[in-house]
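Down below is the structure, laid out as structure tokens.
The values are calculated or read from the model by the stated rules, or taken from the named source; none is laboratory data. Computed from a prediction, not measured in an experiment: that's the story for all the values here. Because the Cβ atoms are built from the backbone with ideal geometry, glycine has one as well, and the counts that use them run over all protein chains shown. For the accessible areas, the whole protein counts, side chains as well, though only heavy atoms, and no ligand, DNA or RNA atoms are used. Shrake-Rupley method; radii C 1.70, N 1.55, O 1.52, S 1.80 Å.
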Amino acid sequence: MRKSLLAVGLSAVVIGSLFAVAARSTGAGTQRKPAAAAGIHKIKHVIVIMQENRSFDHYFGTYPGADGFPRAANGDFAICVQDPARGVCQKPYHDTNDLNAGGPHGQANATADVNGGKMDGFIAQAEDARRKGCKANPNDPICSQRAANPDVMGYHDGRDIANYWAYARNFVLQDHMFEPNASWSLPAHLFMVSEWSARCSRPGDPMSCVNALQAPASPKSVRPPDYAWTDLTYLLHKAGVSWRYYVFSGTEPDCQNDGMICESVKQGAQTPGIWNPLPYFDTVKQDGQLGNVTTLSSYFESAKSGTLPAVSWINPTGSVSEHPPGLVTAGQAYVTRLVNAAMRGPQWKSTAIFVSWDDWGGFYDHVRPPEVDQNGYGLRVPGLVISPYARKGLVDHQTLSFDAYVKFIEDDFLHGQRLDPLTDGRPDSRPDVRENQAILGTLVRDFSFKQKPRPALILDPHPATDLH
């Protein structure tokens, strides 16, 4: 393994600069290591299921008790978004289409959608992107879907996504879960496994990495990216904590250049990319952990045999990702099968499943994201906690992001150690330690570890639906 920069010696000036960066990142000169909540260690298996491109309001804007669409005294929706092409202000509407187009969802689009807190840029952004993308790709199915009326104001409810709403009713729904970064899929997945999105100028040198919210990997480069900064698997490996990153072989759910329309790109456990970034991390290669990035079939085998690792991330293929043109029903069926597999296995009583969607996909959401740092938070996405210890029917109003997943894993398996350049033994120049942000809630509140473990809730992957 490559020795850390501190081990081989740094100049006093560089060391001083490094410690200053790290001190800023923690908000103080020392790292906070909170005592683990009583009972957290009953969770021995964490499964993170990450889907694609749905805002909270798009899936749960009408869910009872949640911070959904604002309503007037007469019960009508009290918000609308201007449609510049038609000259009307579009209110949310129930969309019964199984295929949704959504809108663009890069850094500039997030800024335009939020529009200083007005939350009114969604339709204009979708119209502009559709016009440009469909001019070059007129036969793409997204182009024929609501071409004259962008569907970013459409929403689904329990008639359409019965299983997702069933998980919310029986376990925990998080209504202030924000994408950790105000940008698209690749940065979101980098944050999910490493708490940062950056571009590195010198291979193998984490101190050469600089913040890159939109383009951590150049689509024009003929060389694969080198993610030299530290990711969570580095700490897990050092502590002897098992992990796997399961990849559904097929096609990448998103476009390489964050476009709405593109040719399909093949993906598998051996093809690093947008949704499979860990093989590009120096830490994974140096620790000999490339084999931990494996096929989805291995997940089902491990769930059945009771050999799941401590930490699992699961990556879909395009057709079940819920990224347009993936169908909503196909995504829900896939997630249901993943959850059912864990519930049927012998490790259910020690498992926590976290389900979310990597970004808002251009779909409307009415909540202005908090400004945590230069990277985000991004727009609100749905979040579900499924576990035998999850509080039944809780709507969690805490401010959360995917950083909370990392925080929970660190508290459960790493005694509260953080991905902190001051303390993790592998310095990099990240702007802050996301898990320590004061605004970030804790997933521990979604559990009741004193309760008797609840039985599995096996659902039909294909429930009745109004979608067509």
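Structure notes:
- Selection within the stretch 325-334 - at pLDDT below 95 and open to solvent by less than 10 Å² (accessible area, probe 1.4 Å): Gly326
- So Lys266, is it open to solvent by 10 Å² or more (accessible area, probe 1.4 Å), free of Cβ contacts under 8 Å to residues at least 40 places away in the same chain, in contact with a strand residue (DSSP E or B) (Cβ under 8 Å, 6 or more places away or on another chain) and farther than 25 Å from Leu459 by Cα: yes
- Residue tally, condition part of a loop (DSSP other than H, G, I, E, B) and in contact with a strand residue (DSSP E or B) (Cβ under 6 Å, 6 or more places away or on another chain), over the stretch 435-467: 1
- Within the stretch 81-103, residues that are basic (Lys, Arg) sit with their Cβ atoms under 6 Å from residues that are open to solvent by 40 Å² or more (accessible area, probe 1.4 Å), at 6+ positions apart or across chains, in these pairs: Lys91/Cys80.
- For the stretch 382-406, the set of residues classified as open to solvent by 10 Å² or more (accessible area, probe 1.4 Å) and outside any strand (DSSP E or B) consists of Tyr389, Arg391, Lys392, Gly393, His397, Gln398, Thr399, listed by residue number.
- The residues of the stretch 228-247 that are touching an Asp or Glu at 6+ places or on another chain (Cβ under 7 Å) and under 21 Å from Glu179 (Cβ atoms) amount to a single one, Trp229.
- Output for the stretch 335-367, where each listed residue is within 29 Å of Phe69 (Cβ to Cβ), open to solvent by 10 Å² or more (accessible area, probe 1.4 Å) and in a helix (DSSP H, G or I): none
- In the stretch 407-432, residue nearest to Leu232 (Cα to Cα) [restricted to those that are surrounded by 24 or more Cβ atoms within 10 Å (Cβ to Cβ) and aliphatic (A, V, I, L, M)]: Leu419
- Residue selected from the stretch 433-449 under the condition under 20 Å from Gln374 (Cα atoms) and small (Gly, Ala, Ser), by the criterion least open to solvent (accessible area, probe 1.4 Å): Gly441
- Selection of strands (runs of 3 or more DSSP E) fully inside the stretch 14-118 by the criterion of at least 1 residues being modelled with pLDDT of 95 or more, surrounded by 13 or more Cβ atoms within 10 Å (Cβ to Cβ) and under 19 Å from the mean Cα position of the chain (by Cα) returns 45-51.
- Each residue in the stretch 283-321 was checked for being without any contact (Cβ under 8 Å) to a residue 40 or more places away in the chain and part of a loop (DSSP other than H, G, I, E, B), and 2 of them qualify.
- Screening Val210 on (1) buried (at least 18 other Cβ atoms within 10 Å of the Cβ); (2) in contact with a strand residue (DSSP E or B) (Cβ under 7 Å, 6 or more places away or on another chain) shows it passes everything except condition (1).
- Count - residues of the stretch 281-296 that are more than 18 Å from Pro203 (Cβ to Cβ) and hydrophobic (A, V, I, L, M, F, W, C): 2
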